[in-house]
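The values are calculated or read from the model by the stated rules, or taken from the named source; none is laboratory data. Please read these numbers as outputs of a predicted model, since none were measured by experiment. Positions of Cβ are generated from backbone atoms using ideal geometry, with glycine treated the same way; all protein chains shown enter the neighbour counts.
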Amino acid sequence: TEATGPYAAPYGAGHPREELPAAYDSPGRRGTPLRGTPYPGSPQERYEPYGDGQTHGGRQGFAPADLREGPHGSSHGGPNGGPDGSPLEAPHDDPSEDPRKAARRGGLGAWARRLTGARPAAERPGQAPAPAPTVWEEQQRQSREAAGAPADGAYRPAAERLSPEAADERWPDPATILLTALGPGPRLWERGPDHPDALTVRLGTAPQDGGRSAAPVTVELRKAGALGLAGPRTRLGGLARAAVAQLAALHSPATLEIVLLSTDRAHSLEDRLADWAWLGWLPQVRPAHSQDCRLLLAYDKEQAAARTAELARRLDDGPLGPQWAAAERSAVASAAARYNGPYTLLIVDGDPGSPALRETTARLAASGPAAGIHVLCLAETPAATPAFPLASTYEAARAASPAFGECGAVAVLSGDVATALRVVQPGTGPNGTVAAVDAVSGAWAERFARALAPLREADTGTGLGGRPARSAAVPLPDASRLLDELGLARATPASLMARWAAASDTGRSGAASDTGLPGAAAVLGAGPHGPVCADLAADACHLLVTGGPGSGKTELLRSLAASLAAADRPDLLSLVLVDGAGPERGEGLRLCTDLPHVTTHLTASDPVRMRQFAQALSSELKRRAETLAGTDFAEWRAAHLPAPRTPAPRRSPEAASGSSLAERDGSSTGTLRLRARSVPGPGGEAQAVQSAPMPRLFVLVDDFDALVAPALGSTGRPAAGSVVRALEAVAREGAALGVHLIAATGHPDRTSDTATDRAAGLRVELGPAADAAEPVPPGRGRLHRAADSSVTPFQAGRVTGRIPRTSTLRPTVVPLEWERMGDPPARRPLRELGNGPTDLALLASALQRAAQSCGAPAVPPLL
């Protein structure tokens, strides 16, 4: 069924024929012609729309072929090609035939008829009968019949099978999109990767039911691969803003990121900023995959090269591998069908600029869907009119941007004022779908983007729409502050006592702590999804830290000691510190001795003290074994936790009257005194609960390899063996007795045969990974869990740095320059004044005051 109207006539029917410049004249292909465009003077009378079937250095094309009529006929490839991925054969002209009929079969109409599987044209006199339908054409016919479409292949939009209300609800208009961003409601970011309408873009509305209603016209980017928009720039900008806004409103930053390339030198920077400045407010343009920029924007060729290189690296790591640029079209389609998010929308505004960028964007449009990268290509052309037909508009768009030729669906503005839209995609019939365009103004887009700017996706068990929430991974920072990861940016005695009380309640009931962290969890630092914790108590295991010089082993042990001290009271958790290399290696763990939880600090330089320590540690293990008598330590601990302190009842003022101030208790003077809770004794009499349980003991050893293999001439060499044997006893038996070992070694080969290495259920590797090509900052590591073989990267938290008010420059206000947001962020200089307290000193002071306030009894040291 042919569309009617003044613009329905295909190219060449009643209009003068115009020859356009060949598409190969457009730069960017480095000598390789675009698909379906023969060189001038070619002897071909018939040619394949993909030339010799090879483009982009030997790779078959992916998106639709040319929609132009060249000197040797028309090319009629479609977005998906033939049934086996081969290009569709182009018809040729018959000199004996009427030119208007020949033109009607050429151009866009013939391409779309072949694409949609429509009935072939009437057989020409003297020609062989039309071949029988292929298997693919038969499958297309059956799918149309199953969907309720007429057998002649006439297009019926999916929205026509729904009521107007249901169609508008499924594909909202711009007004609904703006209300979704401005007000509360369930539709914001409702589409995840598994949503049936994910990456579906509404472009306009087409009349149905004889013009009594309108149905949305949509394009599925996951099927089309890439979408091209062409028309006058003033109208094209409104259409592009509407399309991008609905994707940003319906897809969260964890599902979709947006990248802009606006480097067309035909327009000034001021004009491009006026068109796209609103985009910088969207949360989807913030870098989330370690991109070296402040926003995913590109307004010059250097920024554009950086953005395309980042996307190319993602394709290198994708299912097609480093050879993605030469992958077959069928391989790209297969990989795209298996991909399940997250996705990237690359907006290419006009000509990218340099030949390298033109070629890269074209390849990204063709092969990007294999890694979830979909291109929205904008090309400035005249509107499609009888004087400038649709096929000519398409060729002008291809000349303006080579990526346009790789788009699986195109939408061309038409009409004298460019308010109509013709959408051509698989299944839209010979002339595409004519629709009224959806467009919004720049002020509309600015208001929409600013409404989304402060929003973040909720990190809950279930996401929007009842879907499981996906925690968005963030790049690891170059440095991490431990107090920030602990949630103690302002470490006060009150906040620490609240954490200790929550940990005690967790130990009694087994419920989750209000702080979100386990009671005896050691916080390592910042991870991709939040703080990374190692709960040695829950896993009943030990921790081994490995790393070379300068990797941050000692600082990590200090952070572990500080995080453990913040987790529980000093009478319930105690620390023993051992410096295996002696004082010649620096401060070591001595800086942690101000923590009230530290009972013993040993430096491996005095043989007598080292032997005493080994004997004391062995005796502690025996004492615990006798006390527990086979009982699980966690059960014993829960039964012997100190009772919570409850307020004493207040006495009435009358009862306190007539007595001296010394004779009155705290209740009469306004002071709230606490007393231990009483429980019935064996004889029925109340007695106070004893509050002296056996604390959980953590032994932290730095330079464990120096104890296993001490250097010749070391003063602690004679007694090192006894200390190692005591530590190995802890590794074998300590977990069941509430004693855990945390050891750091700079030479894993020296400690590989020890019991400590074999008993380590948790391992930390500091330094770059084996396959890392770039250096990493100190403290970068990976946590390996033996229980589930999981690996978690993290940046170790620093605890000996100066507090932020003395270590960094004050915040400054700078002008907002959108054109520079795509540059690498400026590194803020740090200055260590040396006169302010460190985070460790600040935390130790707060811990001491909190321990005094809660009345925690002192734990006797081992030595």
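Could you tell me whether any residue of the stretch 244-252 is part of a loop (DSSP other than H, G, I, E, B), within 25 Å of the chain's Cα centre (by Cα) and at negative phi? The answer is yes, given that some residue of the stretch 244-252 is part of a loop (DSSP other than H, G, I, E, B), within 25 Å of the chain's Cα centre (by Cα) and at negative phi. Take GLU663 and decide whether it is acidic (Asp, Glu) and either surrounded by 10 or more Cβ atoms within 10 Å (Cβ to Cβ) or modelled with pLDDT of 50 or more (or both). The answer is no for GLU663. Looking at the stretch 529-552, is at least one residue in contact with a Gly (Cβ under 8 Å, 6 or more places away or on another chain), modelled with pLDDT of 90 or more and charged (D, E, K, R)? Among the residues of the stretch 529-552, not one is in contact with a Gly (Cβ under 8 Å, 6 or more places away or on another chain), modelled with pLDDT of 90 or more and charged (D, E, K, R), which makes the answer no. With respect to LEU727, is the statement that it is touching a strand residue (DSSP E or B) at 6+ places or on another chain (Cβ under 7 Å) and buried (at least 23 other Cβ atoms within 10 Å of the Cβ) true? The answer is yes for LEU727.
Where strands (runs of 3 or more DSSP E) sit wholly within the stretch 716-789, those with at least 3 residues that are in the same structural domain as GLY580 (by TED's automatic domain parsing) and more than 22 Å from LEU575 (Cα to Cα) occupy 780-785.
If you go through the stretch 335-353 and keep only what is among the polar types (S, T, N, Q) and surrounded by 16 or more Cβ atoms within 10 Å (Cβ to Cβ), you end up with just THR344.
The set of residues in the stretch 760-781 being in contact (Cβ under 8 Å) with a residue 60 or more places away in the chain, surrounded by fewer than 22 Cβ atoms within 10 Å (Cβ to Cβ) and out of contact with any Cys (no Cβ under 7 Å at 6 or more places or on another chain) consists of ARG763, GLU765, GLY767, PRO777, PRO778. Annotation: of all residues in the stretch 305-333 being of a type in the set (A, V, I, L, M) and either within 20 Å of ALA826 (Cβ to Cβ) or not assigned by TED's automatic domain parsing to the domain that holds THR263 (or both), the one that is surrounded by the fewest Cβ atoms within 10 Å (Cβ to Cβ) is ALA306. The residues of the stretch 208-232 that are within 24 Å of VAL417 (Cβ to Cβ), part of a strand (DSSP E or B) and without any contact (Cβ under 8 Å) to a residue 60 or more places away in the chain, listed by number, are GLN208, SER213, ALA215, PRO216. Within the stretch 276-287, take every residue that is part of a helix (DSSP H, G or I) and within 22 Å of LEU188 (Cβ to Cβ) and give me the one that is farthest from the chain's Cα centre (by Cα). Result: TRP278. Counting only residues that are out of contact with any Lys or Arg (no Cβ under 9 Å at 6 or more places or on another chain) and in contact (Cβ under 8 Å) with a residue 24 or more places away in the chain, the stretch 565-586 holds 12 of them. Pairing residues of the stretch 175-198 that are free of Cβ contacts under 8 Å to residues at least 60 places away in the same chain with residues that are outside any loop (DSSP other than H, G, I, E, B) and acidic (Asp, Glu), at Cβ distances under 9 Å and at least 6 apart in sequence or on separate chains, gives THR176/ASP168; THR176/GLU169; ASP197/GLU220. A search for C-beta distances below 8 Å between a residue of the stretch 724-747 that is on the phi > 0 side of the Ramachandran plot and any residue that is charged (D, E, K, R), counting only pairs 6+ apart in sequence or on different chains, returns GLY738/ARG624; GLY738/ARG637; GLY738/ARG696. Filtered by the rule that a residue be among the hydroxyl-bearing types (Ser, Thr, Tyr) and touching a Phe, Trp or Tyr at 6+ places or on another chain (Cβ under 8 Å), the stretch 593-626 gives a lone residue, THR600. Annotation for the stretch 645-658: no member residue is closer than 19 Å to GLY734 by Cβ, outside any helix (DSSP H, G or I) and modelled with pLDDT under 90. Just so you know, in the stretch 222-275 the residues that are more than 30 Å from GLY185 (Cβ to Cβ) and of a type in the set (Asp, Glu) include one that is surrounded by the most Cβ atoms within 10 Å (Cβ to Cβ), and it is ASP264.
With respect to the conditions (1) assigned to a helix (DSSP H, G or I); (2) surrounded by fewer than 19 Cβ atoms within 10 Å (Cβ to Cβ); (3) not small (Gly, Ala, Ser), GLU359 lacks only one, and its number is (2). The residue list ALA391, ALA387 contains one member that is over 22 Å from LEU273 (Cα atoms), touching a His at 6+ places or on another chain (Cβ under 9 Å), assigned by TED's automatic domain parsing to the domain that holds VAL259 and small (Gly, Ala, Ser), which is ALA387.
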